[in-house]
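The values are calculated or read from the model by the stated rules, or taken from the named source; none is laboratory data. Bear in mind that the values here come from a model prediction, so they are computed numbers and not experimental data. Cβ placement follows ideal geometry from the backbone for every residue including glycine, while neighbour counts extend to all protein chains displayed. Side chains included, ligands, DNA and RNA excluded: accessible areas come from the protein's heavy atoms. Shrake-Rupley method; radii C 1.70, N 1.55, O 1.52, S 1.80 Å.
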Amino acid sequence: MPPGRVHLVVALRTEAQPLIDHFSMLPASSGRGFRSFANSDRGLALVLSGVGRAAAAAAVAHLARDDTDPAWLNIGIAGHRNLPIGAARLAHKVHCASSARSWYPPLVFEIPCPTATVRTVDRATRDFPTDDLYEMEAAGFYEIAARFAPHELVHSFKVVSDNRARPAETLTADSVGSLIGDSLETINALIEPLQRLSAELSERRVEPGGLERLLQASHFTTTQRRQLRRLLRRWSVVCPQVDAVDWVAFKALPDAGSVIASMQEHLEGVAPTFGPGG
Amino acid sequence: MIETIYIEDDVEAHPRARRLLDRFPAARVIPCGRYTEVFNPAAQSFRLQKENPALILARKRGNLVLEAPPELGIGEGPGFYFSHMLNCLYDCRYCFLQGMFRSAHYVLFVNFEDFEAAIDDTLTDGGEKPSYFFSGYDCDSLALESLSGFVERFVPFFAVRPGAVLELRTKSVAIRSLLAMTPSPNVVVAFSFTPAEAAAAIEHGAPRVGQRVRAAAELAAAGWPVGLRLDPLLWYDGWRAGYATLIDGLAAAIPAAAIHSASLGPLRFPSKMFQRIHRMYPEDALLSGPLARRDDFVSYSAAREAELVGFVEERLRRAFDDIAVFFFTPRAT
C-alpha cells in the first residue's frame, strides 16, 4: 500500500515549533507566500498559515498543489468559556460565525480525545457566549481542504489556551508551544489513522499493472487509454492469475483497437467466482 | 454500536429521539439544523463512513409517502413506498444505496406519526383494490428494529387497515418482535436471497442465507405471509447449482401456502450510479464482472439476464405450487 500523507495547517510558528521538532521536519523549498516544512519519509508536511480564515484557506491551497490524496489536520489553540487550559478537542462540527455555515467532519476512526464544536470568529473574543471552542482558522481551513480530500480526511484539532478565568492576554510564545507540545501524544494518535485513510485512497488510484507497457507497445487515443485503464483494473480482479501484458503479447494483437476489443471480449466470458457460502 | 448521534434541533424534544439518546448515554451528541447539512455535502466517502456510521435523528418533512414504480408491484393495487430510515446496516456490493447517497450514516426519521397520517391520506384516495406500501426501499425494514421500533409501531397500524398491505423487505433475522405479535394477513415479511456462496462474498455483514431461511420458516410457521425476493439475480461461476440449492432449501423449509409471492429482479444499475459504485470498490469481483452498458443501465447482457430469470422462475414454480411470481424490471432514474 502506498504510504499515507498528512498535511498539517498551523497558524503560528509558536504553535508549529513542537510539531516541527517532534516530527523532524525540515524547511521545504518549494513555493513562495507561505513557509512550509516537511518530513517526506514520515509522509508529513506542515504549512504556517498565519492568523485568520482567509490565510488558512490560502495555506491549504498552497500545500495542495502537489498531492492528490493527503489527509488534512488543522492544529492550533482556541479559547473556551470554562474548559481547563490544555484540554484537547477534535472538532465534530466547525461553524463559521460570519457566514453561519457549518461542517461536520465524519468521525470514522477511533478518536483519541473528546470532541467539540469549533466556532471560527473573525475577531478574538473574551466572553465565549456559547459552549464552543473559539478560534480564527478552522472554517477557512475546512472549507478549502474539503475540496481536495473527502470530508473523512479533513479534521481540526484544538488545545484550549484561554478561558474566562485566564484570558488570552496571559499567553506567551513559550506557553503556546507547551500547550501543543503537551498534546503530541494525542496528535500522533490522530495522524496515524489519517495516514491509513490517505493510504487507502491512494491505493485506489494506483495505475493498474501493465498499463505503461501496453501504452508503449501501441498508439492509444485518449479515449482508448481510459478504456485500457478500466479494462486492466477489471482484469486484475477477474483474471489475477494471468498477466494481461503477456496475454496481449501472446495474442499478437496488431493495434490499440484490437487490444481493447479482445480484452473486453475475454472479460465478458469470465464469470466471477465466489467461494463456498455460509 | 452507535458512537456518534447527530440530532436536528427540531427533534431534540421528540420522545422517540429522547429514548434513543437515553439508550446511548456514551455517544457523542452533535446538534445540527437539518440532517441534510450532515448527510448531503459532496465529497464524502460512503466507503470510509461505512466503517463507522453515525446515527442521524431527523424529522421527515414532505414527501412522506411516494408512489412506487409500477414494476415494483406485488399485487394488483397501487404501490407506494415510505422510508422511515435512509441507509442500511449491511453492506451489499450490489446495493444502489451506496451509489445514491453521499453519506453512509443512518438517518432515522423519528416522526412516525406523520408517516401514519400520510399513509391514511393515501388510503382515503384509494379504490377497491388494496394499496401496497413498501418500507424497505431506502433501508432494511427489520435490521435496525432494536433502534427504530418501526415494526412494533407500524405492524399494528397496518393490521387494522385491511385496505392496505405492508411489505417489510429484509435480510435480517431480527424477528423477535414479529413473533411476539399476532400475524397480520396484510403484512408481508419479504426476505431477500441470493445463493449462499454469492451472499457470503458480497452481502457484507448480512445474516447467512441459512439463517434467513430459518427466520422465514419460523415466521411462516407462526402464520405470517412470507415473500421471497430473489433480487438481484447474479451470474457467476456455478449460478445454476447455487440457485437450485437455494430454492430447494426454501421449499424444504417453507410451505407453499405461506408464500405470499416471489419476485425476481435482474442486476441493473443506472449507468452513472454504477460508475460511482465501481470507483468506490474497484477491487470488487461482482462489479468487475461481465457487466455492460445497455441503454441507460449497466447490466448483464440481455441473453444472460433472460437465462437467469428463466431458470430461476422455472425452479421456483417447480418448488412451490401456484406461486405468484413478479418480475422487477428497474428503470433508469
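Taking only protein heavy atoms and a 1.4 Å probe, what accessible area per residue, in Å², does region A:207-268 have with all protein chains in place? I get 59 Å² per residue for region A:207-268.
Surface listing: A:THR172, A:THR125 arranged by accessible area from highest to lowest gives A:THR172, A:THR125, probe 1.4 Å. Summed over all non-identical Cα pairs, the Kirkwood treatment of region A:207-268 gives a radius of 11.3 Å.
Computed over the alpha-carbon atoms, chain A gives an Rg to Rh ratio of 1.13, Rh here being the Kirkwood radius from the mean inverse distance. Left without a cysteine partner by the 4.7 Å Cβ rule in the protein assembly as shown: A:CYS96, A:CYS113, A:CYS239, B:CYS32, B:CYS88, B:CYS139.
For region A:177-243, the square roots of the Cα gyration tensor eigenvalues, ordered a ≥ b ≥ c, give a/c of at least 1.5 with a/b greater than b/c, which places it in the prolate category.
Surface burial for B against A, with a 1.4 Å probe and both sides summed, reaches about 3100 Å² of accessible area. Counting only protein heavy atoms and a 1.4 Å probe, tell me what percentage of region A:207-268's accessible area is made up of carbon and sulfur. Answer for region A:207-268: carbon and sulfur cover 50 percent of the accessible area. Looking at region B:59-327, the accessible area is 37 square angstrom per residue; that uses a 1.4 Å probe and ignores ligands, DNA and RNA. Normalised radius of gyration (Cα atoms, divided by 2.2 N^0.38 Å) for the protein assembly as shown: 1.10. Packing-based ranking of B:317-327, B:139-149, B:286-296 yields B:139-149, B:286-296, B:317-327, ordered from highest to lowest mean Cβ neighbour count within 10 Å. Ordering B:MET1, A:MET263, B:MET280 by accessible surface, largest first, gives B:MET1, B:MET280, A:MET263; the 1.4 Å probe counts only protein heavy atoms, with every chain in place. Counting only protein heavy atoms and a 1.4 Å probe, region A:33-171 has 37 square angstrom of accessible area per residue. For the segment B:277-289, counting C-beta atoms of other chains within 10 Å of every residue's C-beta and taking the mean gives 5. Counting protein heavy atoms only, region A:6-204 has 49 percent of its accessible area on carbon and sulfur, 1.4 angstrom probe. In sequence order, region A:20-29 has phi-based couplings of 4, 5, 4, 9, 6, 8, 10, x, 9, 8 Hz under the Karplus curve 6.51 cos²θ - 1.76 cosθ + 1.60, θ = phi - 60°, and Gly or Pro positions carry x.
Given R0 = 22 Å, the distance between the Cβ atoms of A:ASP174 and A:ALA54 translates into a calculated FRET efficiency of 0.20.
Taking the chain by itself as reference, region B:33-59 contains these residues with an accessible-area loss of 50 Å² or more in the full protein complex (1.4 Å probe, heavy atoms): B:ALA43, B:LEU48, B:GLU51, B:ASN52. Eigen-decomposition of the gyration tensor built on the alpha-carbon atoms of region B:88-144 gives equivalent ellipsoid semi-axes of 28, 14, 10 angstrom, largest listed first. For the residues of A:147-153, the average number of beta carbons from a partner chain within 10 Å of their own beta carbon is 5. In plain terms, the chain from A:LYS251 to A:CYS239 could stretch by 2.7 nm, reckoned as 0.36 nm per residue minus the Cα-Cα distance. Its residue count N sets the reference 2.2 N^0.38 Å, and the alpha-carbon radius of gyration of region A:131-254 equals 1.82 times that reference. Each Cα pair under 8 Å and six or more residues apart adds its sequence gap; the mean of these over the residue count of chain B is a relative contact order of 14 percent.
With Cα atoms defining each centre, region A:234-269 and region B:94-139 are spaced 45 Å apart in the structure. Rounded, prolate or oblate: which fits region B:225-333, taking a ≥ b ≥ c as square roots of the Cα gyration tensor eigenvalues, rounded meaning a/c under 1.5, else prolate when a/b beats b/c? Prolate, because a/c is 1.5 or more and a/b exceeds b/c. If the segment from B:ALA252 to B:ALA26 were pulled out straight at 0.36 nm per residue, it would be longer than the present Cα-Cα gap by 76.8 nm. Using the Karplus relation 6.51 cos²θ - 1.76 cosθ + 1.60 with θ = phi - 60°, the per-residue 3J(HN,Hα) values for region B:36-45 come to 5, 4, 8, 8, 9, x, 5, 6, 8, 9 Hz, with x marking Gly and Pro. Is the C-alpha gyration tensor of chain B telling us rounded, prolate or oblate? Criteria: a/c under 1.5 is rounded; beyond that, a/b larger than b/c is prolate, otherwise oblate. Oblate, since a/c reaches 1.5 and b/c is not below a/b.
The label point for B:ALA303 and the one for A:ASP21, both projected 7 Å from the Cα toward the Cβ, are 7.3 nm apart. With both residues required to sit in the protein assembly as shown, DSSP beta bridges show an antiparallel share near 25%. Taking all protein chains as shown and a probe of 1.4 angstrom, B:ARG208 keeps an accessible surface of around 130 Å². Structure note, pairs A:LYS158/B:LYS171; B:LYS50/B:LYS129; B:LYS60/B:LYS129; A:LYS93/B:LYS171; A:LYS251/B:LYS272: Cα-Cα distances above 31 angstrom occur for A:LYS158/B:LYS171; B:LYS50/B:LYS129; A:LYS93/B:LYS171; A:LYS251/B:LYS272. Comparing Cα centroids, region A:16-71 and region B:254-328 end up 50 angstrom apart. Residues A:ASP162, A:ASP182, B:ASP10, A:ASP131, ordered by accessible area of protein heavy atoms at a 1.4 angstrom probe radius and largest first, appear as A:ASP182, A:ASP131, B:ASP10, A:ASP162.
Counting only protein heavy atoms and a probe of 1.4 Å, the accessible surface of region B:1-137 is 49% carbon and sulfur.
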